[in-house]
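**Student:** I am attaching a structure below and will ask some questions about it afterwards.
The values are calculated or read from the model by the stated rules, or taken from the named source; none is laboratory data. Just so it is clear, the structure is predicted and the values come from calculations on it, not from any experiment. For neighbour counting, all protein chains shown are included, and Cβ atoms are generated from backbone atoms with ideal geometry for every residue, glycine included.
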Amino acid sequence: MAKAEFETPELKEFPEIPAIQVGSMAHSKPFIAKAEFQEDLGFPGELPDDWKDKVIAKMGELLKKYRSLQVYLDSCVKCGACTDKCHYFLGTGDPKNMPVARQDLLRAVYRRYFTFAGKYFPKLVGAVDLTKEVLDDWYSYFHQCSQCRRCSVFCPYGIDTAEVSMAAREILDSIGMGQKYCNEIIGKVYKIGNNLGLPGPALIDTMEGLEEEVKDDTGIDVKYPVDVVGADVLLVTPSADFFAEPHVDGLIGYGKVFHQAGISWTVSSHASEAANFGMFIGSYDNMRKVAMRIREAAIELKVKRIVIGECGHAWRVAYSFLNTLAGPFDFLDPKYPVPQHIVEVTHDLIQRGALNFDKSANDHLRITFHDSCNVARASRMGNMPGGQFKLPREVIKAVANNFFDMAPETIHESTFCCGGGGGLLTDDLMELRVKGAMPRMQALKQVVDDHDVNHLVAICAICKSQFSKTLPYYNFPMHMIGSLHALVSNAIQLGTKE
């Protein structure tokens, strides 16, 4: 890897509050989307002359639409509980990356134009006029929030900085300052059906290639079907699973699980993408358009249930919003909730004795697990309390002998983000991504030192992509990261279960 143009944070004792570096990340901002991609999503292609009026009008619209936004802007008492909870603040030292300070970028304008005190006594309540400098701060710092919600775990009032960031990004999009990475990805979904622009014929060729690979490895015909009408399961997984390392081994594992369990399944060329970047830009209209493709595919293919692959925010959108965005799904088998996570499916099959494993197939790996934010804090799996934490670990233990959890303070609800979520997985923001990964790298270093761990598992496509880029900055091998279902693929014993 080429030498970074920035200083990688040192992995010290965990955690350590950084020295304040005012404005150290003010330069960090993603590229603005090209006009045609903005327009595809219903946003203007450039900053209009009356942008200030439009910002205030859009803020008023969101305040009326989402009562929670006004509650979050009104209820902060500056107690300080969140100040050192953000991985970006810990990695950069920029005080505007404290969750409360990031919220205040929007809160100060809200108070100026939407509260009595802010209109008449602005200095007393920290209200500020909306200027181009303020707008530029919004663009820089609301794209330094991965919407991980860790700060909300520690906030005594439950203020959700992610909701504030989503609102700010939606306002920015509405005046032509949308982010290139997110908006162009959503545009690809509209045109082609997935984030990476993989057309139907290429998808079919990829799946046929996986069939050949598995046949060569195992001698068994495992099908990876596309657009099969009448299959039991519609698998909707992140498009990275179809060809990118380290993701594709997970998709191979999905197919092996379905094969051994005797479950017919298919992917859809119309809705081959589980990820929904509409959430990252705060646009429920665009979330709905992306989600509707899944409904359309499920109806067209006459499936009985929908299963989501290993992707954190795809699972959050599916679990929390799919039924309201694209429902009702009353045409599916009522025995199955809408949707299911692939980990939930595999765990259930393990509990019922439907899968055979040789755990020694993973003995070359000493494994730890990263709780992805949009699974850990924003959703659940199965019916057991804390299933989103327990099920992945139980699956790992069922297929491998050497599992070592990370330090208790870094797991479960208080887990640190990978540093690349929330629509920030672009090389424009590599410095931010590396510095934001620092707290997670501290936890990884600890478990490596204590247990000689050599493999980090995640069930999120963004986490896996982020770690494959940032691990080398901290002197870990990039191939240390892998999919949970890659472990399943290694251990599963194909054939008829006796």
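**Student:** Given the conditions (1) in contact with a helix residue (DSSP H, G or I) (Cβ under 6 Å, 6 or more places away or on another chain); (2) at pLDDT below 95, report the number of the one that residue 289 does not fulfil.
**Tutor:** That leaves (1) as the condition not met.
**Student:** Taking into account only those residues within segment 155-169 that are buried (at least 24 other Cβ atoms within 10 Å of the Cβ) and not aliphatic (A, V, I, L, M), which is nearest to residue 31 (Cα to Cα)?
**Tutor:** Looking at the filtered set, the residue picked out is 169.
This table checks each residue for (1) among the hydrophobic types (A, V, I, L, M, F, W, C); (2) closer than 18 Å to residue 315 by Cα; (3) in the same structural domain as residue 356 (by TED's automatic domain parsing); (4) in contact (Cβ under 8 Å) with a residue 60 or more places away in the chain.
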| residue | (1), (2), (3), (4) |
| --- | --- |
| 397 | no, no, yes, no |
| 415 | no, yes, no, yes |
| 428 | no, no, no, yes |
| 484 | yes, yes, yes, yes |
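**Student:** Here is a follow-up. Specify which of the listed residues (221, 205, 216) is surrounded by fewer than 17 Cβ atoms within 10 Å (Cβ to Cβ) and in a loop (DSSP other than H, G, I, E, B).
**Tutor:** 221
**Student:** A follow-up question, please. Which condition breaks for residue 291 when tested against (1) hydrophobic (A, V, I, L, M, F, W, C); (2) closer than 18 Å to residue 423 by Cα; (3) in a loop (DSSP other than H, G, I, E, B)?
**Tutor:** Condition not satisfied by residue 291: (3).
**Student:** Another question about this same structure. Condition first: in the same structural domain as residue 262 (by TED's automatic domain parsing), under 18 Å from residue 254 (Cα atoms) and part of a helix (DSSP H, G or I). Can you find one or more residues in segment 331-342 that meet it?
**Tutor:** yes
**Student:** Moving on to the next point. Considering only residues of segment 49-71 that are closer than 12 Å to residue 174 by Cα and either of a type in the set (Lys, Arg) or modelled with pLDDT under 95 (or both), which is farthest from the chain's Cα centre (by Cα)?
**Tutor:** It comes out as 52.
**Student:** Residue under question is residue 83, and the condition is that it be free of Cβ contacts under 8 Å to residues at least 24 places away in the same chain and within 25 Å of residue 414 (Cα to Cα); does it hold?
**Tutor:** Considered against the rule, which asks whether it is free of Cβ contacts under 8 Å to residues at least 24 places away in the same chain and within 25 Å of residue 414 (Cα to Cα), residue 83 comes out as yes.
**Student:** Out of 314, 298, 354, 274, which single residue is surrounded by 22 or more Cβ atoms within 10 Å (Cβ to Cβ), small (Gly, Ala, Ser) and either on the phi > 0 side of the Ramachandran plot or in a loop (DSSP other than H, G, I, E, B) (or both)?
**Tutor:** Matching residue, one of 314, 298, 354, 274: 274.
**Student:** Would you confirm whether or not segment 41-55 contains a residue that is farther than 17 Å from residue 97 by Cα, touching a Phe, Trp or Tyr at 6+ places or on another chain (Cβ under 6 Å), part of a helix (DSSP H, G or I) and assigned by TED's automatic domain parsing to the domain that holds residue 106?
**Tutor:** No.
**Student:** Would you mind finding the one in 348, 330 that is modelled with pLDDT of 95 or more and surrounded by fewer than 18 Cβ atoms within 10 Å (Cβ to Cβ)?
**Tutor:** Only one candidate qualifies: 348.
Listed here are the residues, each with its yes/no results for (1) modelled with pLDDT of 95 or more; (2) surrounded by fewer than 21 Cβ atoms within 10 Å (Cβ to Cβ); (3) not β-branched (Val, Ile, Thr).
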| position | (1), (2), (3) |
| --- | --- |
| 114 | yes, yes, yes |
| 128 | yes, yes, no |
| 142 | yes, no, yes |
| 153 | no, yes, no |
| 174 | yes, no, yes |
| 189 | no, no, no |
| 194 | no, no, yes |
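**Student:** So if I check each of 29, 3, which one is at pLDDT 90 or above and on the phi < 0 side of the Ramachandran plot?
**Tutor:** Among 29, 3, only 29 is at pLDDT 90 or above and on the phi < 0 side of the Ramachandran plot.
**Student:** In segment 364-379, how many residues are farther than 12 Å from residue 392 by Cα and assigned to a helix (DSSP H, G or I)?
**Tutor:** Residues flagged as farther than 12 Å from residue 392 by Cα and assigned to a helix (DSSP H, G or I) within segment 364-379 amount to 2.
Okay, residues lined up against (1) part of a loop (DSSP other than H, G, I, E, B); (2) in the same structural domain as residue 40 (by TED's automatic domain parsing); (3) polar (S, T, N, Q):
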| site | (1), (2), (3) |
| --- | --- |
| 145 | yes, yes, no |
| 156 | yes, yes, no |
| 162 | no, yes, no |
| 173 | no, yes, no |
| 176 | yes, yes, no |
| 197 | yes, no, no |
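**Student:** Considering only segment 232-250, how many residues are out of contact with any Lys or Arg (no Cβ under 6 Å at 6 or more places or on another chain) and surrounded by fewer than 22 Cβ atoms within 10 Å (Cβ to Cβ)?
**Tutor:** 5
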